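Everything on this sheet refers to the single structure shown next.
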Amino acid sequence: MKALLVEDEQKIASFVCAGLRERGFVVDHCDDGQQGYDYAMTRDYDVVLLDVMLPGRDGLSILKGLRREGRNVPVILLTARNELDDRLEGLNLGADDYLAKPFYVEELLARIHALLRRVSGERQNVLMVGNIRLDRITRVAEVNGRPVELTSREFNLMEYLMRSPGRVYARTQILEHVWGYDFEPQTNMVDVCIQRLRKKVDDGGESPIEAVRGVGYRLRKAGSED
């Protein structure tokens with residue numbers, strides 16, 4: 001899952017980013033409201049974690065702009081305990097939930113998972129392509145019903161490929177969405193991770209993860225012979 005955190009308090013931002021990344025999230029962080037708005041408008045996220053008081057552009061203004069432009073990404077507001085009016089206004093503007101500071105990362109994670117279940121439904125939290133099954137909430141991977149142990153990065157990469165079977169992803173796209181930041185073009189990090197993943201999900205037949213020469217990788221559609 002990919003999250004955007006818009007928070008200018010460095011201490012809070014640090015522990016939230018660390019906590020989410022430890023649990024397999026790819027996290028983008030902005031400490032300026034205008035930059036956060038630009039990220040939310042131009043990039044795809046599973047959830048946006050939005051502080052109310054921000055430099056550049058306040059959180060309620062960001063939320064209002066997103067909803068006005070038709071961006072329905074789930075939003076959780078991060079507020080101080082005495083900001084009741086902001087919480088009410090945020091919910092009226094289209095926020096999906098709020099969390100009062102200070103909070104525990106475990107509570108934030110529980111709220112994110114509950115929100116995603118409400119927004120997308122349990123069915124979309126389970127991905128299945130061919131004989132591969134991923135549960136995005138429990139982060140359990142199975143091949144032919146057999147549990148397969150994946151690292152956090154391998155799970156995120158498998159999930160990314162499974163979202164659009166048959167679509168070819170360039171290495172730069174995979175780096176941005178799975179690692180969350182850019183690497184030097186000559187890096188072979190994607191190729192190494194793909195090879196490890198292939199060994200774990202191959203089930204004695206042709207690999208479901210295909211290399212497309214000069215472009216990148218794709219996950220073979222179930223039943224496809226292309």
With R₀ set to 22 angstrom, the calculated FRET efficiency between the beta-carbons of K101 and R71, to the nearest 0.05, is 0.35
Restricted to pairs 8 or more residues apart or on different chains, the lysines in the chain with C-alpha atoms under 30 Å apart form a number of pairs equal to 11
log10 I(q)/I(0) for segment 77-174, Debye formula on C-alpha points only (no solvent), q = 0.13, 0.16, 0.19, 0.20 Å⁻¹, two decimals, reads -0.64, -0.83, -0.97, -1.02
Cα extents of the chain along the principal axes, largest first, in whole Å, come to 59, 36, 31
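Got a number for carbon plus sulfur as a percent of the chain's accessible area, 1.4 Å probe?
Percent of accessible area from carbon and sulfur atoms in the chain: 48.
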For segment 55-69, in residue order, the Karplus 3J(HN,Hα) values (coefficients 6.51, -1.76, 1.60; θ = phi - 60°; whole Hz; Gly and Pro = x) are x, x, 6, 6, x, 5, 5, 4, 4, 4, x, 4, 5, 4, 8
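Can you give the net charge of the other residues whose Cβ lies under 10 Å from the Cβ of A40, counting K and R as +1 and D and E as -1? Mind showing how you got there, number by number?
Working: positive: R43, R71; negative: D28, D38, D44, E69.
My count for the surroundings of A40 gives -2.
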quick note, segment 3-155, DSSP beta bridge pairs, % antiparallel (nearest 5) is 40
The long-range amide H neighbours of V27, using H built 1.01 Å from N in the peptide plane and a cut-off of under 5 Å, are A3
Per the rule of 0.36 nm per residue minus the C-alpha distance, extending Q195 to M41 adds in nm 52.1 nm
Heavy-atom accessible area of K200, protein chains in place, probe 1.4 angstrom, given in Å² to nearest 10, is 70
For R136, the residues 5 or more places away or on another chain with a placed amide H closer than 5 Å to its own amide H are V126, L127
Segment 1-133 accessible area per residue, 1.4 Å probe, protein heavy atoms, integer Å², reads 48
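Evaluated at 20 °C with a viscosity of 1.002 mPa s, what Stokes-Einstein diffusion coefficient in µm²/s does segment 1-70 have when Rh comes from the Kirkwood expression over alpha-carbon pairs?
The calculation lands on 179 µm²/s.
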Listed by chain and number, the residues whose amide H is under 5 Å from that of G130, excluding neighbours fewer than 5 places away on the same chain and using placed H, are A222
The helix 152-163 Cα axis meets the longest alpha-carbon principal axis of the chain at an angle in degrees, between 0 and 90 and rounded to 10, of 80
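The values are calculated or read from the model by the stated rules, or taken from the named source; none is laboratory data. Keep in mind that what you see is a predicted model, and the values were worked out from it rather than measured. Every residue, glycine as well, gets a Cβ built from its backbone with ideal geometry; the counts of neighbours run over all protein chains shown. Areas reflect the complete protein model, heavy atoms only, side chains present, ligands, DNA and RNA absent. Shrake-Rupley method; radii C 1.70, N 1.55, O 1.52, S 1.80 Å.
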